[in-house]
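The values are calculated or read from the model by the stated rules, or taken from the named source; none is laboratory data. Remember, it's a predicted structure, so these values are computed and weren't measured experimentally. In this analysis, Cβ positions are derived from the backbone assuming ideal geometry, glycine residues included, and neighbour counts consider all displayed protein chains.
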Amino acid sequence: MKPVRAFDFLFQQHLSAPRPDCLSAKEGKGWTSLSTAEVVTRVEAVSLGLMAAGIGAGDPVAIAGDNSIEWAVLDWALQQIGAVSVPLYPTSTVEDARYILAHAEVKLAFAGSPALLGKLRAALEGSGCPVYTLTAFDDTAPSLQDLVATGQSGDRAALATRREAVQPDDVFTLIYTSGTTGRPKGVMLTHRNVVSNVMAVAEHTRLPPGRCRALSFLPMSHVFERIGVLYYLHTGSGVYFASVEQLSSALAEVRPHTFSAVPRVLEKVYEKLTAKTRELRGWRRRVYEWALTRAERYEPGRMLPPMKALQHAIAWRLVYRKWHAAMGGRLRWVNVGSAALQPRLARLFWAAGVMVSEGYGMTEASPVISANLFDPARVRIGSVGVPMPGVEVRLADDGEILVRGPNVMAGYYKEQELTAEVIRNGWLHTGDIGVIEHGALRITDRKKEMFKTSNGKYIAPQALENKLKESAFIDQIMVVGDGQKFAAALIVPLFEQVRTWCREHGIAYTTDSEMTRHPRIVELIDREIKRINRHFGSWEHIKKFSLLDRPWCVDAGELAPTLKLRRKVIAERFASLIEGMYHHA
């Protein structure tokens, strides 16, 4: 069967390539799996329960929870009765949740944990909207299983009628963009939007059918992971749900062939892989550092001269294959999106036998717009690849990336003027600035994040930030300078690396705060900045910086759930530091 609605991918797997491990999740020390047939049965049972609860076509239903079998089953159950899912990030604040739930006018809500149950109850107080739990963890709230029980005697013929009535152009999910400024916007995505994107990804990446295990840990509240899961169904893969905290153990236990990630996750994997260097001494350490340097310069697809090919083979035998084994031993394909991936990381994973495809997308485009191919001869590290099949990309006169295709959203919910602002003559105006080099797209900045110094020079902060994050000692950075004489930066050091450097250079300190104020650490970061400044025009140089003693995080509101900087929040929170950099200039 050819899928035309999002839930069709489940039935496609059921008919064409059923698996004993369609969906799996960690329970205690082991993994629980449901076969494709069992998942279909559960989805039908939940659909009947939703119908018994009075959920009709077009009714919005909220889901707040970490990735789980129940999350996926509920999502597909809503889809096939024509209802609209409204996913919330587990990290959403009560204020954001209150706004989203009221704006969407949800009829029912589901919570995946006690903390989220409390959050939803607070956000929905006085609304009369019932709150269920995804699993039975609270005696004071009905669970998804209770909902299923109410639908046991439901009319299956009526369910079949509802399923058949669902059309490709029906909106099936309302995703509120986390946003780095302002109130969240409700992106309306149709079945056609998402199905077109899944099919484009399938044509682009070509996973071998029916043979793969896929790990799913990015939040399904974001469309990136949701289309990923549908893609895995389409290719006959089994999906294993885990949390980011469980990633190391899940890699060893599941031994996946593929997963989707954001750069921060790969940075954490890299830190674990390279942590071994700190334990080695003598010639072993020198060999490890030699292999690491080679990996960070590796160019996939390039024919190596005999001597360099021999060196790579030696590095593989001594180091790279151990890295690959540490990632489960079967990992072959990783899709990366949401933020810029450091080229040195991409090269390292390719050297270790893992093909990394960096892509570009946004919720409004369902989400994938472009991606690199899993092909050593055609990948362009540092770019976000070529447009997906069926997706058109062009650049406006000012460099803004414009997108047209079946993946472009139906619009923003209850925001006709805003929709008309971003979709003009069928073209989605992304707000991102880019260039096309050798057919591949490269993102240079966000249009709204560019600023002008008092000298009248424009600065693209993301370009500076991405380059500076290539330093082994810089974790997070925000470039500032709007209306000022020069660019400055707030910097969060990569604490693990800096602590190691301190040990090796005999620098004593008691706290991270004390370490970031140590003259030699300030000097270390200053050298890194001066080295990287050489890649930019003189007006773009970072001339002042302040080191922070803790990372920015989602819970503090400094990062969006997608881990992008909330620049306004950070600028307000560290206003005195920013002011000090210019006051003492």
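State all residues of region 273-310 that are of a type in the set (A, V, I, L, M) and either under 15 Å from residue 346 (Cβ atoms) or in contact with an Asp or Glu (Cβ under 7 Å, 6 or more places away or on another chain) (or both); if no residue qualifies, say none.
Just the residues of region 273-310 that are of a type in the set (A, V, I, L, M), to begin with: 273, 275, 280, 287, 291-292, 295, 303-304, 307, 309-310.
273, 292, 295 - these are the residues of region 273-310 that are of a type in the set (A, V, I, L, M) and either under 15 Å from residue 346 (Cβ atoms) or in contact with an Asp or Glu (Cβ under 7 Å, 6 or more places away or on another chain) (or both).
What about residue 106, is it in the same structural domain as residue 133 (by TED's automatic domain parsing), crowded, with 21+ Cβ neighbours inside 10 Å and touching a helix residue (DSSP H, G or I) at 6+ places or on another chain (Cβ under 6 Å)?
Spelling it out, it is not the case that residue 106 is in the same structural domain as residue 133 (by TED's automatic domain parsing), crowded, with 21+ Cβ neighbours inside 10 Å and touching a helix residue (DSSP H, G or I) at 6+ places or on another chain (Cβ under 6 Å).
If I go through region 249-263 residue by residue, how many of them are surrounded by 15 or more Cβ atoms within 10 Å (Cβ to Cβ) and either part of a helix (DSSP H, G or I) or without any contact (Cβ under 8 Å) to a residue 12 or more places away in the chain (or both)?
5
Got at least one residue in region 67-82 being in contact with a Pro (Cβ under 9 Å, 6 or more places away or on another chain), more than 23 Å from residue 160 (Cα to Cα), surrounded by 20 or more Cβ atoms within 10 Å (Cβ to Cβ) and in the same structural domain as residue 172 (by TED's automatic domain parsing)?
Yes, region 67-82 contains a residue that is in contact with a Pro (Cβ under 9 Å, 6 or more places away or on another chain), more than 23 Å from residue 160 (Cα to Cα), surrounded by 20 or more Cβ atoms within 10 Å (Cβ to Cβ) and in the same structural domain as residue 172 (by TED's automatic domain parsing).
Which one of these is of a type in the set (Asp, Glu), touching a Leu at 6+ places or on another chain (Cβ under 8 Å), in contact (Cβ under 8 Å) with a residue 24 or more places away in the chain and closer than 24 Å to residue 455 by Cβ: 540, 528?
Going through 540, 528 in turn, just one is of a type in the set (Asp, Glu), touching a Leu at 6+ places or on another chain (Cβ under 8 Å), in contact (Cβ under 8 Å) with a residue 24 or more places away in the chain and closer than 24 Å to residue 455 by Cβ: 540.
What are the residues in region 481-493 that are in contact (Cβ under 8 Å) with a residue 60 or more places away in the chain and buried (at least 17 other Cβ atoms within 10 Å of the Cβ), if any? Can you show your working first?
Step one: filter region 481-493 for residues in contact (Cβ under 8 Å) with a residue 60 or more places away in the chain, giving 484-486, 488, 490, 492.
Scanning region 481-493 gives 484, 486, 488, 490, 492.
Please identify the pairs in which a residue from region 195-214 that is buried (at least 16 other Cβ atoms within 10 Å of the Cβ) has its Cβ atom under 8 Å from the Cβ atom of a residue that is aromatic (Phe, Trp, Tyr) and not in a helix (DSSP H, G or I), counting only partners at least 6 apart or on another chain.
As it stands, the answer is 205/333; 205/374; 207/333; 213/240; 214/240; 214/259, since those pairs meet every condition given.
Among the numbered criteria (1) within 15 Å of residue 47 (Cα to Cα); (2) modelled with pLDDT under 95; (3) hydroxyl-bearing (Ser, Thr, Tyr), which single criterion is violated by residue 89?
Looking at each condition in turn, residue 89 falls short on (1).
Would you be able to tell me the number of residues in region 436-450 that are at pLDDT 85 or above and either in the same structural domain as residue 482 (by TED's automatic domain parsing) or charged (D, E, K, R) (or both)?
Qualifying residue count for the region: 2.
Return yes when residue 137 is under 19 Å from residue 10 (Cβ atoms) and aromatic (Phe, Trp, Tyr) and no when it is not.
no
Suppose the filter is farther than 25 Å from residue 100 by Cα and among the β-branched types (Val, Ile, Thr); does residue 244 pass it?
yes
For region 1-28, give me the residue count where each residue is at pLDDT below 95 and either closer than 23 Å to residue 133 by Cα or in a strand (DSSP E or B) (or both).
3
Given the criteria without any contact (Cβ under 8 Å) to a residue 24 or more places away in the chain and either in the same structural domain as residue 99 (by TED's automatic domain parsing) or of a type in the set (Asp, Glu) (or both), does residue 245 qualify?
yes
I'd like the residue in region 83-99 that is part of a helix (DSSP H, G or I) and within 21 Å of the chain's Cα centre (by Cα) and, out of all such residues, is surrounded by the most Cβ atoms within 10 Å (Cβ to Cβ).
97
Restricting region 266-304 to residues that are part of a helix (DSSP H, G or I) and of a type in the set (Lys, Arg), which is nearest to the chain's Cα centre (by Cα)? Don't jump to the end; show me each part of the working.
To start, the set of residues in region 266-304 that are part of a helix (DSSP H, G or I) comprises 266-279, 282-296.
Retained after the next criterion (residues that are of a type in the set (Lys, Arg)): 268, 272, 276, 278, 284-286, 294.
Details: 268: 14, 272: 20, 276: 27, 278: 30, 284: 36, 285: 34, 286: 35, 294: 28 Å.
Looking at residues that are part of a helix (DSSP H, G or I) and of a type in the set (Lys, Arg), I get 268.
Only one of (1) surrounded by 14 or more Cβ atoms within 10 Å (Cβ to Cβ); (2) within 25 Å of the chain's Cα centre (by Cα) is not met by residue 568, so which one is it?
(1)
Quickly run through region 205-229 and pick out the residues that are in a loop (DSSP other than H, G, I, E, B) and within 18 Å of residue 241 (Cβ to Cβ).
Passing the criteria: 212, 217, 218, 219, 220, 221, 222.
Within region 532-553, can you find the residues that are surrounded by 12 or more Cβ atoms within 10 Å (Cβ to Cβ) and either assigned to a helix (DSSP H, G or I) or hydroxyl-bearing (Ser, Thr, Tyr) (or both)?
The answer is 532, 533, 539, 540, 546.
Can you tell me which of 60, 3 is buried (at least 19 other Cβ atoms within 10 Å of the Cβ) and not assigned by TED's automatic domain parsing to the domain that holds residue 235? Quick ask: steps written out before the conclusion?
Numbers: 60 fails: not assigned by TED's automatic domain parsing to the domain that holds residue 235.
So the residue among 60, 3 that is buried (at least 19 other Cβ atoms within 10 Å of the Cβ) and not assigned by TED's automatic domain parsing to the domain that holds residue 235 is 3.
With the structure loaded, tell me whether residue 310 is part of a helix (DSSP H, G or I), in contact (Cβ under 8 Å) with a residue 24 or more places away in the chain and either of a type outside the set (Gly, Ala, Ser) or outside the structural domain of residue 216 (by TED's automatic domain parsing) (or both) or whether it fails that test.
no
Taking region 31-82 as the region of interest, how many residues are in a helix (DSSP H, G or I), more than 22 Å from residue 193 (Cα to Cα) and among the small types (Gly, Ala, Ser)?
Of the residues in that region, 5 qualify.
Considering only residues that are among the hydroxyl-bearing types (Ser, Thr, Tyr) and either under 21 Å from residue 422 (Cα atoms) or surrounded by 16 or more Cβ atoms within 10 Å (Cβ to Cβ) (or both), which ones fall in region 432-459?
Matches in region 432-459: 444, 453.
Looking at region 460-480 only, could you name the residues that are surrounded by 19 or more Cβ atoms within 10 Å (Cβ to Cβ) and among the acidic types (Asp, Glu)?
Once the filter is applied, which keeps residues that are surrounded by 19 or more Cβ atoms within 10 Å (Cβ to Cβ) and among the acidic types (Asp, Glu), region 460-480 yields 465, 475.
Among the numbered criteria (1) over 18 Å from residue 574 (Cβ atoms); (2) in contact (Cβ under 8 Å) with a residue 40 or more places away in the chain; (3) assigned to a helix (DSSP H, G or I), which one does residue 501 miss?
Result: residue 501 passes all but (2).
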